[in-house]
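Heads up: the structure comes next, in structure tokens.
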Amino acid sequence: SQQGEEDPQALSIQEGENATMNCSYKTSINNLQWYRQNSGRGLVHLILIRSNEREKHSGRLRVTLDTSKKSSSLLITASRAADTASYFCATDSWGKLQFGAGTQVVVTP
Amino acid sequence: NAGVTQTPKFRVLKTGQSMTLLCAQDMNHEYMYWYRQDPGMGLRLIHYSVGEGTTAKGEVPDGYNVSRLKKQNFLLGLESAAPSQTSVYFCASSSYRAGRSVNTEAFFGQGTRLTVV
């Protein structure tokens, strides 16, 4: 089974709205990362949060990490049509980088 | 600035044939990974390597072998292809910061679309 599981599996919102997706994982981690994928292309790194951090910001992205609950959330504020993509969380456990099944986000104008 | 390059980009194999996928990175990264992506399954880790000459099994290693003879290359082999191995394969690499004992962001290739008939 996969290390991470994202929720929801799919999300449809309008431009300007916020998009929130969650990730739960099973084992201890060094860090947790979020990636984006457009139409089956290679993944692009968005943000990394270390196991001793609780919150991190990067532009319109906000990531939280709760290691006691083994969960993370990604918030995209003021969504744009260009944010339409699949988003994946990935856990790094001493070099073993594993991904969840992803959240498919559609942002309509 | 090539980053991570996968060869080939597309391939059609007959059941039972063998092939090798090549991943090359020019960023001097320590860690390299092979994943497969199937619809609705996200990326599943096949094998990974934490350094030249070392490899380890991931979530779905059966039917695949790997080698990392040079730091910049990570090869994925299919000895006897099966239709269940039809998938898109992604290679990735990342760096290790010894001072912080943590891995850094991974860089991905553009994928290899493999069809086994």
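The values are calculated or read from the model by the stated rules, or taken from the named source; none is laboratory data. Please read all numbers here as calculations on a predicted model, not as lab measurements. Heads up, the Cβs are rebuilt from the backbone with ideal geometry, glycines too, and the neighbour counts pull from every protein chain shown. Ligands, DNA and RNA are stripped out before the accessible areas are found, and what is left, the full protein with its side chains, is counted by its heavy atoms. Shrake-Rupley method; radii C 1.70, N 1.55, O 1.52, S 1.80 Å.
From B:Ser80, B:Ser87, which residue is over 15 Å from A:Leu97 (Cβ atoms), hydroxyl-bearing (Ser, Thr, Tyr) and open to solvent by 20 Å² or more (accessible area, probe 1.4 Å)? Can you show your working first?
Working: B:Ser87 fails: open to solvent by 20 Å² or more (accessible area, probe 1.4 Å).
Testing whether each residue is over 15 Å from A:Leu97 (Cβ atoms), hydroxyl-bearing (Ser, Thr, Tyr) and open to solvent by 20 Å² or more (accessible area, probe 1.4 Å) leaves just B:Ser80.
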Inset, instruction - Those residues that are loosely packed, with under 15 Cβ neighbours inside 10 Å and of a type outside the set (Val, Ile, Thr), I need them from region A:19-40; list them, please. - result: A:Lys26, A:Ser28, A:Asn38, A:Ser39, A:Gly40
Inset, instruction - Please list, ordered by first then second residue, the pairs with beta carbon atoms under 9 Å, 6 or more apart or interchain, first in region A:23-49 and within 11 Å of A:Ala90 (Cβ to Cβ), second outside any strand (DSSP E or B) and among the aliphatic types (A, V, I, L, M). - result: A:Tyr35/A:Leu43
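Please pick out the residue among A:Gln9, A:Gln33 that is under 19 Å from A:Ser79 (Cα atoms), facing chain B (nearest Cβ under 9 Å) and at pLDDT 90 or above. If you could, list the steps in order and put the result at the bottom.
Numbers: A:Gln33 fails: under 19 Å from A:Ser79 (Cα atoms).
One residue alone meets the criteria, A:Gln9.
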Inset, instruction - For region A:64-97, name all the residues that are of a type outside the set (Ser, Thr, Tyr), surrounded by 14 or more Cβ atoms within 10 Å (Cβ to Cβ) and more than 12 Å from A:Asn31 (Cα to Cα). - result: A:Leu74, A:Leu75, A:Ile76, A:Asp83, A:Ala85, A:Phe88
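Examine region B:14-22 for a residue that is within 24 Å of A:Trp34 (Cβ to Cβ) and either at pLDDT 95 or above or open to solvent by less than 60 Å² (accessible area, probe 1.4 Å) (or both), and state whether such a residue exists.
Step one: of region B:14-22, the residues within 24 Å of A:Trp34 (Cβ to Cβ) are none.
For region B:14-22, residues within 24 Å of A:Trp34 (Cβ to Cβ) and either at pLDDT 95 or above or open to solvent by less than 60 Å² (accessible area, probe 1.4 Å) (or both): absent.
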Inset, instruction - Output the number of residues of region A:46-71 satisfying the condition of being charged (D, E, K, R) and more than 16 Å from A:Asn22 (Cβ to Cβ). - result: 3
Legend entry - From A:Gly16, A:Gly59, residue being over 23 Å from B:Glu59 (Cα atoms), over 16 Å from the mean Cα position of the chain (by Cα), at pLDDT 95 or above and open to solvent by 20 Å² or more (accessible area, probe 1.4 Å): A:Gly16
Legend entry - Members of region B:23-33 found to be within 11 Å of chain A (Cβ to nearest Cβ) and open to solvent by less than 10 Å² (accessible area, probe 1.4 Å), listed by number: B:Met32, B:Tyr33
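Does region B:53-66 contain at least one residue that is within 9 Å of chain A (Cβ to nearest Cβ), closer than 24 Å to A:Asn31 by Cα and not hydrophobic (A, V, I, L, M, F, W, C)? Full working, then the answer.
The initial filter retains those residues of region B:53-66 that are within 9 Å of chain A (Cβ to nearest Cβ), namely B:56, B:58-59.
Next, only the ones that are closer than 24 Å to A:Asn31 by Cα stay: B:56, B:58-59.
Restricting the remaining residues to those that are not hydrophobic (A, V, I, L, M, F, W, C) gives B:58-59.
Yes, because at least one residue in region B:53-66 is within 9 Å of chain A (Cβ to nearest Cβ), closer than 24 Å to A:Asn31 by Cα and not hydrophobic (A, V, I, L, M, F, W, C).
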Inset, instruction - From the list B:Thr5, B:Thr20, B:Thr15, pick out the single residue that is polar (S, T, N, Q) and either free of Cβ contacts under 8 Å to residues at least 40 places away in the same chain or over 25 Å from B:Lys71 (Cβ atoms) (or both). - result: B:Thr15
Inset, instruction - Would you check if A:Gly100 is modelled with pLDDT under 95 and closer than 17 Å to B:Glu105 by Cβ? - result: yes
Inset, instruction - Scan region A:59-104 for residues that are away from chain B (no Cβ under 14 Å) and in a strand (DSSP E or B) and jot them down. - result: A:Arg62, A:Thr64, A:Asp66, A:Ser71, A:Ser72, A:Ser73, A:Leu74, A:Leu75, A:Ile76
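Of all residues in region A:41-56, how many are open to solvent by less than 60 Å² (accessible area, probe 1.4 Å), more than 18 Å from B:Pro39 (Cβ to Cβ) and either hydroxyl-bearing (Ser, Thr, Tyr) or not in a strand (DSSP E or B) (or both)? If you could, list the steps in order and put the result at the bottom.
Filtering region A:41-56 down to residues open to solvent by less than 60 Å² (accessible area, probe 1.4 Å) leaves A:42-43, A:45-51, A:53.
From the residues that got through so far, the ones that are more than 18 Å from B:Pro39 (Cβ to Cβ) too are A:45-51, A:53.
Next, only the ones that are either hydroxyl-bearing (Ser, Thr, Tyr) or not in a strand (DSSP E or B) (or both) stay: A:51, A:53.
The total comes to 2.
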